[in-house]
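Structure, as structure tokens:
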Amino acid sequence: MSDFLRNRDIATEILSRLSTKELGSARCVSKAWNSFISDPAFLRIHSQRWTCPSALFFVIRERSGAGFRSYFHVKKAIYIGLHDSSSKGQESLFRFLPERVVLMASSNGILCCRGMVPSVRIKNCDPDGEPRLELHFMIYVCNPATREWVAFEPLRTGNSSVAFEPVRISSVAQYFGFTFYPNGFLANTTKPCFKLVGIQNSKTLSNSYSFVIYLSVTKEWKTSEEVLCCDYTINQNKVISVGHMFHWLTMAHYMITFDVEKELSAVIKLPGPELESVECLGNSEGYLHCVTANLTEIQVWILKDYCKPEWTLKHKLDLVEFCRGHTELNHLLPRLERREPETDTGVNLVALAFHEEILCMLVKPEKLFSYSFNTRKLSSHCTAFAVDDYFQRYPAIPYSDSLTSINVPEGDQTSGANSNGI
């Protein structure tokens, strides 16, 4: 079997067409195969070939009380495979981590999570004599396919009030973006690395935001000098990174952007009329995309130039024609043809995520579909939960599994690499 690896070009061409799961099994053939598949040069080629999402993560939370306790909802991650009928829950997904976690973001096969239960520290009393508690959530960056992980604390800045009890919470653990560079981001190195960018209310100016940055190369947080004057409220967990640009949706028809290289921020108007619903932001072909919807169609817009932020319409789906062309969606036609407004209790179609020309949609209460704009193919997928009145739906997080190492330096807290994770 080792003779097969002597011609590296042929072996790379063949093995790079295997899925991550199949490669995980192939690594067990011999030490030579494991060494070949683990080589960063091979993994780089494999990740470039497998860019389409292999799964969706749903982070759902069950309401549990009010006031202070309402902050600590029971949050669970559901894994839905897009290439097979697999569906996994929280316990099997992250059991290699030292504590229960909440999934926050995904980038190039690497996941970013925060601890579910914070550590509580009692600090000095407030001027009014009340004790103040500080809650700190650990942040985890991990690869479920290799079970490699690293943990670190968020920057201890920012605060948000919780009902009826004075508590300080690191807002970095609530509103941060994450991006992973499998080939490095510096000109003189190709080692994998990652960055986190947190956005928080400025301490010095009202109606403004400041930014903090974590670099895995230095293993340190830094506070950017950039301050953005903006009174729009951040839409929790609706953040996406594309290259060196980070984007946060707001509760208005605008998004906040931050260039992590130049450390410059901006507010950009979203495409379409303000009455249209902005379903999600997405990353495809290296550009930011925005999915909007109304009663008659779903539109996919692309933004190529941040200096002249003009959105260009890239795809448009007429919902009536789209549902007529796919028997799985024919039951939506009566409402669409009557142009009835969607309601929370009715059956409707919701765009959940867009990644590499794949649009993922949910037909309530429990039908999940993905549609490829390249092949014009609609696929149905298994779901293990229903979105009902007991759950609040967070944005779906596209995931492309990878065997790429997160390049944890020796001495850092991490588990040993292992094959056959997800």
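The values are calculated or read from the model by the stated rules, or taken from the named source; none is laboratory data. Owing to the predicted nature of the structure, the values given are computational and were not obtained by experimental measurement. Virtual Cβ from ideal backbone geometry, glycine too; neighbours counted across all protein chains shown. Keep in mind that these areas ignore ligands, DNA and RNA; they rest on the heavy atoms of the full protein, side chains included. Shrake-Rupley method; radii C 1.70, N 1.55, O 1.52, S 1.80 Å.
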**Asked** Can you work out the FRET efficiency for the pair Glu276 and Gln48, with r the C-beta to C-beta distance and R0 = 30 Å, to the nearest 0.05?
**Response** 0.30
**Fill in**
The local net charge around Ser402, scoring Lys/Arg +1 and Asp/Glu -1 for residues other than Ser402 whose Cβ lies under 12 Å from its Cβ, equals +1
**Asked** Per residue, what volume in Å³ does the Cα convex hull of segment 1-50 take up?
**Response** 63
**Item:** Gain upon complete extension [Arg8, Thr375; 0.36 nm per residue less C-alpha separation]
**Value:** 129.0 nm
**Message:** Between Leu18 and Lys262, what's the calculated FRET efficiency when r is the beta-carbon distance and R0 is 35 Å? Round to 0.05.
**Reply:** 0.35
**Request:** Using the structure shown, select from Lys76/Lys238; Lys76/Lys304; Lys262/Lys304; Lys195/Lys222; Lys222/Lys262; Lys222/Lys304 the pairs with a Cα to Cα distance greater than 23 angstrom.
**Result:** Lys76/Lys304; Lys222/Lys304
**Asked** Roughly what would the spin-label model give for Asn34 and Lys191, points 7 Å off Cα along C-beta, in nm?
**Response** 2.3
**Request:** Report the label-to-label distance for His244 and Val227 in nanometres (one decimal), using points 7 Å from each Cα along the Cα→Cβ vector.
**Result:** 2.5
**Message:** For a Förster distance of 30 Å, can you work out the FRET efficiency between the beta-carbons of Ser92 and Glu153, rounded to the nearest 0.05?
**Reply:** 0.65
**Asked** How many Å² of accessible area per residue for segment 1-50, probe 1.4 Å?
**Response** 62
**Message:** Using each residue's phi in segment 240-251, evaluate 6.51 cos²θ - 1.76 cosθ + 1.60 at θ = phi - 60° and report the 3J(HN,Hα) Karplus result to the nearest Hz, with x for Gly and Pro.
**Reply:** 8, 10, 9, x, 9, 9, 10, 9, 10, 6, 10, 6
